[in-house]
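Every number in this text was worked out from the coordinates using simple rules, so none of it is lab data. In this text the structure is predicted, and so the values were computed from the model without any measurement. Using ideal geometry, Cβ is built from the backbone for each residue, glycine included, and neighbour counts are taken over all protein chains shown.
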Amino acid sequence: MSDIPTHARAIPFDEDGMIATDVPCIKCGYNLRGLDEGRVCPECGTAVGRSLRGDFLKYCDPDWVGTVASGLNWIMAGIAIGFVGGLITGALTRQSVAPPALFQGFILLLSIVPLIGYWRLTAPDPAATADQGITARRLVRVTQVLGFGLGFLTNTEILAGQELAEELVGVLSGVNLVVFFFAVLIYLRRMALRIPNTKLASSCQTIMWGWVILALAGIGGAIVAETLGSSGSGMGAGEAILCSTIIATPIFLILSLILALRLRRAFADEAKLARATWAAGIARPIAAI
Ligand SMILES: [Zn+2]
């Protein structure tokens with residue numbers, strides 16, 4: 001079964017290139033017979049191509065596709081800010097200069113940048129018909145907001161001294177991160193299939209399972225190291241596994257960033273195509289029906 005959202009049916013066109021059969025608009029059901037494929041539905045403004053060819057991004061609202069593409073810019077900026085912020089915090093901590101509250105507050109404030117990015121990336125398709133991907137899309141939003149709140153609790157002194165609450169926040173943050181991780185990669189894979197770019201879609205899957213294997217190896221290594229360590233065996237298989245996962249992590253981070261860059265470019269290209277289709281559709285006069 002293919003995940004590509006094509007509408008597999010042959011559409012007959014008349015000698016003028018107009019649709020010569022009854023085709024309902026996928027959004028409003030309007031009969032598109034007699035219309036040009038490059039136009040938009042006169043009732044709801046959905047590109048006719050979307051009803052004819054499939055639920056592809058190039059037939060979607062160009063502003064929406066543009067918003068989705070720009071989400072990845074915000075996310076990338078957020079990663080850069082987080083990285084620099086982390087380095088500065090690390091340096092200050094190493095020099096036994098506790099990061100000033102003002103600086104911490106600033107970093108916390110900047111963590112809103114990736115949140116905006118994920119919000120834009122998962123903007124709802126204004127002409128959504130099939131709800132495919134909606135769960136993943138919503139989950140990305142919910143886990144991002146929850147993660148922002150949990151991050152706030154972790155990075156401020158609110159929970160200082162309340163061990164149980166701190167532990168609970170830690171567990172919740174972990175579960176939230178796992179749910180977010182799967183949701184965002186499933187969502188991105190489905191969006192890649194709407195380009196349609198099967199290579200990018202399978203890259204999303206590869207990165208997803210790569211991280212899962214890496215995380216499982218890390219956890220396994222830590223457990224083995226802990227078990228052997230407590231029995232006094234010192235360096236062993238556990239540490240070796242743990243070390244290799246630590247080495248592999250930056251490699252996976254770079255691969256993930258490359259994937260994000262490729263997706264950003266692909267979505268931006270689709271936004272451009274959508275703009276061309278959309279504008280062409282609106283510019284042409286609507287034929288008398
Ligand atoms: Zn319509």
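In a simple Cβ point-charge model (Lys, Arg +1; Asp, Glu -1; nothing else charged), region 1-128 has a dipole of about 720 debye relative to its Cα centre.
Grab the DSSP H runs of the chain that are 4 residues or longer, score each as -39,500 (n - 2.57), total them, divide by all residues and round the 222 nm result to the nearest 500 deg cm²/dmol. Display every interim value, and only then the final one.
Values: 8 runs with 191 residues, N = 289.
Rounded to the nearest 500, the figure is -23500 deg cm²/dmol.
Restriction of the GluC sites (Glu not before Pro) in region 10-81 to DSSP coil positions whose beta-carbon has at most 12 other beta-carbons within 10 angstrom yields E15. Around the amide H of N31, modelled in the peptide plane, lie the amide H atoms of C25, all under 5 Å away and 5 or more residues distant in sequence or on another chain.
Arranged from fewest to most other beta-carbon atoms within 10 Å of their beta carbon, V178, V40 become V178, V40.
Exposure proxy for I258, I19: other Cβ atoms within 10 Å of each Cβ, ordered fewest to most, give I258, I19.
Highest mean packing first, where packing is the average number of other Cβ atoms within 10 Å per residue, the peptides 154-162, 249-257 line up as 249-257, 154-162. What whole number of Å gives the distance from the Cα centroid of region 13-88 to the Cα centroid of region 171-194? What the calculation gives is 23 Å, centre to centre.
Between G54 and residues 5 or more places away or on another chain, which pairs have amide H atoms under 5 Å apart, with H built 1.01 Å from N, and which residues are they? For G54, the qualifying residues are H7.
Run the dipole for the chain about the Cα centre, Lys and Arg Cβ at +1, Asp and Glu Cβ at -1, nothing else charged, and hand back the magnitude in debye, nearest 20. All intermediate terms of the calculation are to be shown ahead of the outcome.
Details: 22 positive and 21 negative charges, 120 e Å.
Once rounded to the nearest 20, the dipole reads 580 debye.
Partner aspartates and glutamates whose Cα lies under 14 Å from the Cα of K272, excluding those fewer than 8 positions away in the same chain, are identified as D61, D63. Taking a ≥ b ≥ c as the square roots of the eigenvalues of the Cα gyration tensor of region 99-256, is the shape rounded (a/c under 1.5), prolate (a/b larger than b/c) or oblate? It comes out oblate by the Cα gyration axes.
Ranked for footprinting exposure by Cβ neighbours inside 10 Å, fewest first, D36, D63, D55 give D63, D36, D55. Let me make sure I get this right: for the chain, a, b and c are the square roots of the gyration tensor eigenvalues over alpha carbons, sorted descending. Under 1.5 in a/c it's rounded, otherwise prolate if a/b > b/c, else oblate. Which is it? It is prolate, given that a/c is not under 1.5 and a/b is the larger ratio.
Size descriptors for region 64-181, from the alpha-carbon set: Rg then Dmax equal 16.6, 56 Å. Projecting the Cα atoms of Y30, T135, V212 onto the dipole axis of the chain, where Lys and Arg carry +1 and Asp and Glu carry -1 at the beta carbon, places Y30 farthest toward the positive end.
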